Structures are given as C-alpha cells and as structure tokens.
Amino acid sequence: MPPKQIPASVEVVDLDSSDDEGVAATTANRKPAYRDNLQAKPPSIGAAQLASTVNNQSIEDRSFWRAGAYEIGTTKSTLLQGDLEHARVHPKFLHSNATSHKWAFGAIAELLDNAVDEVNRSWGENPLSADDGGGMDPERMRKCMSLGYSSKTSNTTIGQYGNGFKTSTMRLGADVICRPAIHISSFYNLAVLSFSRATQSIGLLSYTFLRRTGQDDVIVPMIDFDISENWAEPIIYSSKDDWSSNLKTILEWSPFASKDDLMQQFENLGSHGTKVIIYNLWMNDEGIYELNFDDDHEDITLRDEAKHGGTGNTTKTSKRVLELQSHISYCIRFSLRAYASILYLKKFTNFRIILRGKPVEQFSIADDLKHAKTVVYNPQVGQGLKEVTVKTVIGFIKEAPALGVCGFNIYHKNRLIRPYWKVTPDGNSRGHGVVGVLEANFIEPAHDKQDFERSTLFIKLEARLKQMVSDYWKGHCHFLGHQPDGMRKSNDASGNTYRNSFNHITATAGSEACDQPENPLNPAALEAMAKENDQLFRRCDEYRKKQAEMTRTIEELEKELEETRNKCARVSSYLRIQRMET
C-alpha cells in the first residue's frame with residue numbers, strides 16, 4: 001500500500017503546560033485551566049506545502065525497524081589547523097539508539113516524563129519565583145540536543161540518563177524541531193524550538209537531512225534570537241554567514257517555507273515554554289502510519305496492536321472476550337488515552353494531560369479494587385543493608401471472578417514501569433482477579449523504562465509478590481466462591497461425620513468453581529453468592545468451635561468419672577476390710 005497522503009487538516013498531538021497566573025513549565029498553547037496539555041490542533045501551514053516538503057525529503061524506507069539499514073558514507077571530515085580529532089557520532093547511531101524503545105507509547109511516555117520532571121523541578125515551595133519552566137536558554141538548548149547530557153540530579157525526577165529526548169523523538173519520527181511544548185504530527189522530521197524570557201532558540205535534529213546529505217557526524221543546526229527589546233534580533237557567535245547557513249538548513253529540511261512561518265510557531269507559547277514538533281512519522285510494514293489518528297477522534301492508537309487485538313470485528317466475539325478487551329489492562333496495549341491514564345501513580349495538582357482536545361483523567365488502579373488490603377514489604381538494599389518500606393495495595397478487580405485479569409502494577413518514582421505483571425504461572429486458577437499496586441524505588445528500571453533490570457533485589461521482589469498472591473488468595477478467595485486449599489483437609493481429630501461431609505461438599509464445589517473458565521451469573525448474583533458463602537463459612541467456624549468445646553467438656557467429664565470410679569473402688573475396698581476385722 002502506498003504511503004498515506006497528508007490530509008488538509010493535520011492532527012497534531014500537543015503537550016504543553018500552563019496555569020492561571022501565567023507561570024508555565026513546558027507550554028505551547030496556553031490553556032488557563034491546565035498545567036500540561038497533550039492536545040490536538042491543525043498546523044498553521046497548508047497540506048500542499050506539507051506534502052511537497054515530505055515528498056522532496058522522504059528517505060528510502062519509512063518503516064522505523066528498517067530505517068537503519070543503509071550503507072555508511074565514506075565522507076571524511078578534514079581538520080583545520082589547531083583542531084583536535086574527536087570521536088564522531090554517526091547519524092546511524094540516532095536510529096540505533098532509538099531502538100531502545102520497542103514500543104511507540106514508551107517513546108511518548110518519555111516525552112511526558114520530561115514535562116513532569118520540569119514541572120516538579122520548577123514548582124517548588126514558591127512557584128512564582130522558582131525556575132518556572134521558562135523554556136531553555138541557548139546553553140541549555142545545546143545540552144538538550146547533546147547525547148548523554150542530563151542536569152537532573154533530584155531523587156524525585158524520572159529522567160537521569162540525558163538520552164530520552166533523542167531516543168523518543170527519533171523513535172516516533174525521522175525528524176524533530178525543538179522550540180520549547182511538544183507536537184507530534186502526521187508528517188516525518190524532528191526540530192526543537194526553545195525560548196526563555198529574553199532569548200529564543202531553534203534547533204533541528206533531522207535523520208532525513210543527515211542521511212540525504214551523507215553526513216558522517218551528527219550535525220544539529222541551531223539559531224538563537226535575543227528578544228529583550230520585544231523583537232527578534234539574531235545572536236551571532238561566529239559570523240552572520242554561519243547563522244544564515246543554519247537558518248537555511250532548518251528551513252530546507254523542515255515543513256516551514258520561510259523565517260516568518262518558523263517564527264509564527266512561537267506566537268502561541270506565551271512568554272516562555274517549550275515546543276517539540278516531530279514530523280515524518282514512521283510507518284508500519286504496510287506503508288500506513290504506525291500511530292493511528294483516524295479511528296478515534298479523542299485518542300491516538302497503535303494501529304497494529306489494535307488490529308491484532310481483534311477490536312474491529314466483534315460480531316463473532318464472545319461476551320467474555322469483549323469484556324476483557326474493554327478492561328484497562330488490555331486497552332493500554334493500543335490506546336494512548338488508556339495508557340496515559342495510569343502512567344503516573346499519584347494524581348497531579350499542577351500538571352494536566354490533554355489528548356486531542358479532551359483531558360486525560362488519571363485512573364487509580366488501587367482505588368478500583370474490592371476487598372483490598374495493604375501489605376508492607378521491607379527489603380534490605382545497599383551495602384549497609386539499609387531497610388526500606390514498600391507498601392503494596394492488593395485486592396480483587398471489581399469484575400472478578402468473571403474476568404481473570406491479574407498482576408502487579410509496579411511504579412518507579414511515580415512512573416509506571418511494569419503494568420499487570422503476572423507472577424503466578426499460567427493455567428493456575430489461584431490468583432485470578434488478584435491485582436496489586438506498589439512503588440518500587442529501590443530497584444532500577446531498564447533504559448526504556450518498560451521493565452526492570454533483573455537484579456538480585458528484583459528477583460527477591462518477584463518471590464515476595466508470589467507469596468503475597470498466595471497469602472491473599474488463601475484468606476480472600478471465598479469472597480469469589482472459591483474454596484481455600486486448607487479447607488479441603490479435615491483438622492478434626494475426632495473424625496466428626498458432619499465436618500467431613502461438609503468439607504467434602506464445599507471442596508467439590510470449590511474445585512468446580514476454580515475449573516470453570518466462565519461464570520454465567522451476573523455480578524450482583526455472584527456478590528450475593530459470595531456473601532452467603534462467607535456466612536456459611538462463618539457458621540461452620542462457629543460449629544467447629546462448639547464441637548471443640550463439647551469435646552473438651554466430654555474429656556473433662558470422662559476424666560472426672562474415672563476419678564469418681566477410682567474413689568468408689570477405694571471406698572469399697574476400705575469397707576470390706578472393716579467388715580473382715582469385725
């Protein structure tokens with residue numbers, strides 16, 4: 001299938017941050033009600049212009065996973081007198097580095113993390129006087145576009161490697177313009193425009209430009225403006241020709257035809273902020289955009305994940321499968337809105353995500369559990385075996401036992417790393433419907449923040465979570481009509497017939513309940529049955545206690561009777577002796 005043509009109105013995913021008082025952390029379009037927006041809006045240039053730009057600049061393969069397969073050029077840079085040789089970063093490394101994101105939503109989450117870190121860093125005790133996220137000055141801009149540099153040193157920030165911006169943007173599209181807010185649009189390069197209170201900066205990171213011009217080093221053209229006098233005055237570092245050359249390169253390899261078009265992108269940023277425009281988005285193997293903007297006007301979906309999930313044709317799909325596909329544990333595979341709703345553990349007060357014009361409501365997995373309890377885990381970490389406290393909320397999903405969704409949602413520094421991680425083996429009904437939520441800051445996530453490094457602490461955590469599921473199941477599975485394993489064996493030493501027969505009946509019922517893949521009763525009937533079952537178990541416990549008391553009473557009476565008999569025997573013997581003596 002040929003590449004999809006760009007429509008007249010291109011949808012743009014816009015992540016920005018603003019507030020009522022005009023203090024912003026990372027902003028594109030200022031919305032008074034929200035701190036941070038992921039918002040859809042059409043660009044300010046025409047479709048014909050965009051189509052022309054893309055067609056003239058497209059690289060040979062629009063599929064991300066094949067875009068790195070090209071011959072490395074043989075160009076050799078010459079050194080000027082007095083210059084030192086340096087280790088070059090070949091443009092192919094941009095693609096190789098971006099493959100750390102195997103999942104497109106992981107790349108988008110990385111961009112959201114940058115906004116969250118900026119808000120957390122900027123909004124301290126006094127948000128009006130702290131660094132309020134006023135974009136980046138020219139120096140910070142260059143550090144942002146550099147590989148491996150990070151100024152984040154706080155224990156609360158999510159980012160730490162100084163690589164996320166490059167990997168995430170290159171994973172979503174071939175090119176980016178940065179000018180401090182975030183845009184993802186349906187056309188294919190990357191550039192960064194940034195400004196602080198007195199300066200504006202624009203930088204272009206273009207995989208297309210580097211490949212098409214045969215560069216053997218990553219070249220990032222940048223221009224800066226001084227806006228202290230309310231107009232944009234070029235900041236010249238070496239010569240005006242160099243500045244003009246950088247501007248020409250940016251215009252040639254970006255969707256903007258002129259300097260005026262480029263500068264218009266600053267107009268909706270307010271007094272400060274950051275905007276990132278990703279264009280030339282990657283396509284799948286069929287030549288269709290990997291990110292789907294068409295099927296849901298309030299969401300962005302992963303086209304291939306949604307297709308493989310079978311959400312298109314539901315006429316022949318069972319009711320149980322449809323219910324499973326509507327559960328958030330399933331939707332996060334292909335829905336950006338669902339994934340973003342659980343991406344952060346704690347609800348924000350100074351940060352907001354708007355996706356295609358509609359706010360993303362943060363969803364608390366823990367608050368949605370029934371029969372929930374909190375389990376405390378104290379792992380020992382570090383060389384001094386320092387003990388930390390980890391609280392895990394564990395319970396049944398509200399759809400249990402109709403749905404067998406289970407697993408632990410593990411966060412690190414408030415960010416979801418591993419969703420619905422199933423620690424129980426497949427094919428085992430024990431633990432069905434049991435879900436947990438915890439924040440594990442004592443273990444390190446992998447580079448793409450989609451899993452954890454398999455360290456000794458991680459292995460110990462996995463074992464502890466398995467034990468949590470086992471303990472919770474034993475104490476709570478009767479709420480769902482299941483029979484605890486311990487109840488299948490009689491602990492009655494006296495061999496009471498009623499107790500054994502009761503255990504036989506309930507064990508059989510529990511076994512059948514565990515083996516049933518689907519329960520035909522509605523949730524209200526199941527809840528009523530669970531309550532009735534719980535009452536029966538309580539009555540059974542009362543009967544067992546009464547039986548034990550009666551057994552003790554009988555034993556005491558038998559002992560007393562034996563003592564009385566012995567006493568009678570002694571008295572009788574004494575009387576016989578007395579008669580014989582007389």
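Here are a few things to note about the model shown:
- Amide H contacts of GLY357 (H built 1.01 Å from N, in plane; Pro and chain starts excluded): ALA40 sit under 5 Å, all sequence-distant by 5 or more or on other chains.
- Above-threshold pairs, the threshold being 31 Å between Cα atoms, out of LYS358/LYS391; LYS386/LYS422; LYS346/LYS460: LYS358/LYS391
- Projected label distance in nm at GLU267 and LYS358, using a 7 Å step from Cα toward the beta-carbon: 3.0
- Dividing the radius of gyration of the alpha carbons in the range 356-478 by their Kirkwood radius gives 0.99 for Rg/Rh.
- The range 284-301 - phi-based ³J(HN,Hα) in whole Hz, Karplus 6.51/-1.76/1.60, Gly and Pro as x: 8, 5, 8, x, 10, 4, 4, 8, 9, 9, 9, 6, 9, 6, 10, 8, 10, 10
- Once C-alpha pairs closer than 8 Å and six or more residues apart are averaged by separation and normalised to the residue number of the range 345-426, the relative contact order reads 22 percent.
- Protection proxy ranking of 449-456, 365-372, by the mean of other Cβ atoms within 10 Å over each peptide's residues and highest first, is 365-372, 449-456.
- √(5λ) per eigenvalue of the Cα gyration tensor, the range 525-582, largest first, Å: 56, 5, 4
- Heavy atoms of the protein chains alone define the surface here; on that basis the range 398-479 has 39 Å² accessible area per residue at 1.4 Å probe size.
- For the range 202-265, a simple Cβ point-charge model (Lys and Arg +1, Asp and Glu -1, everything else neutral) yields a dipole of about 300 debye relative to the Cα centre.
- In angstrom, the C-alpha Rg and Dmax of the range 337-403 are 16.6, 50.
- Short to long, the 5 Å bins of the Cα pair-distance histogram for the range 438-482 hold 5, 18, 22, 16, 13, 10, 9, 5, 1 percent of all pairs.
- Remark on LYS422: its backbone amide H falls under 5 Å from those of PHE408, a criterion applied only to residues 5 or more positions apart or on other chains, H modelled at 1.01 Å from N.
The values are calculated or read from the model by the stated rules, or taken from the named source; none is laboratory data. In this text, all values refer to a predicted model and were calculated from it rather than measured experimentally. Note that we place each Cβ from the backbone using ideal geometry, even for glycine, and neighbour counts take in every protein chain shown. Surface areas here come from the heavy atoms of the whole protein model, side chains and all, with no ligands, DNA or RNA. Shrake-Rupley method; radii C 1.70, N 1.55, O 1.52, S 1.80 Å.
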